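Have a look at the structure below before the remarks.
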Amino acid sequence: PKNVNEKDIVKEVDDSKYYTVGDEVVWTIRAKVQPGIRSDDGSAHGTFVITDTLDERLDFKPDSAVVTALGGSNTTLATNVHFDQALNGRVLTWSLTPTGINTLLDTAKATAVEITFTTIINEKATGGLPTIENDAELNFENHDTSVPHHPKVDEKPSIDLGGIEFNKVDSQDT
């Protein structure tokens, strides 16, 4: 897989093959749990939002996202309990709730959040650019409302589209 490295957020995709219309593509985002996202006494929480703007040639596959707290114990997080998920047009967001932040820090002893989700290549992928790029952004603000941070992946991970070209010839091979 192609790795996109940045201090706070990494995105990966299997770029070892060619994809065509109708294929499913699995994307993985990992974001570091930020220090200061919760006050020491647990009474105040910051924000932790991962945003992924999909290329117009990709459609999000509903119910495909799995969000996991990675660290001391890998813990699968639940939608509408630990995080809220939204799709607004082409923009996907996953926002940790205060319960999710507490689970990250207390139960899972997490150092990162991993989101794995699936997209489907749609009909807009025909006849266009041969590569689809897709990146992600982490938006977080500490519990004390210090300056918000918006790190993005350094380099957009991408997949290549492939197709079949037919060359019709007669029996004389002309």
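Quote the FRET efficiency, to the nearest 0.05, computed for SER16 versus GLN172 with a Förster distance R0 of 41 Å and r equal to the Cβ-Cβ distance.
With a Förster radius of 41 Å, E is 0.55.
Hey, quick one: spin label on ILE120, modelled 7 Å out along Cα-Cβ, who in the range 64-102 has an amide N within reach, i.e. under 15 Å?
64-65
Return the long-range amide H neighbours of TYR19 (sequence gap of 5 or more, or a different chain), with a cut-off of under 5 Å between placed amide H atoms.
Placed amide hydrogens put ASP160, LEU161, GLY162 under 5 Å from TYR19.
So what's the net charge close to TRP94: Lys and Arg +1, Asp and Glu -1, counting the other residues with Cβ under 12 Å from its Cβ?
-4
Assuming 0.36 nm per residue, please report the length gained on full extension of the stretch GLU24 to ASP41 beyond their Cα-Cα distance.
1.7 nm
SER158 versus ASN80, label points 7 Å from Cα toward the beta carbon: distance in nm?
3.9 nm
With θ set to phi - 60°, apply the Karplus curve 6.51 cos²θ - 1.76 cosθ + 1.60 along the range 23-28 and write out the HN-Hα couplings as whole Hz, x wherever there is a Gly or Pro.
6, 8, 10, 9, 10, 10
Compare the Cα positions of ALA125, ASN74, SER95 along the charge dipole of the range 6-153 (+1 at Cβ of Lys, Arg; -1 at Cβ of Asp, Glu; about the Cα centre) and return the one farthest towards the positive end.
ASN74
Each residue of the range 80-96 in order: what ³J(HN,Hα) in whole Hz does its phi give by Karplus 6.51 cos²θ - 1.76 cosθ + 1.60, θ = phi - 60°, with x for Gly and Pro?
6, 10, 8, 8, 10, 10, 9, 10, 10, x, 9, 9, 9, 9, 10, 10, 5
Read the figures in this text as sums done on the coordinates, not as results from a lab. In this text, all values refer to a predicted model and were calculated from it rather than measured experimentally. FYI the Cβ positions are ideal-geometry reconstructions off the backbone, even for glycines, and counts take in every protein chain you see.
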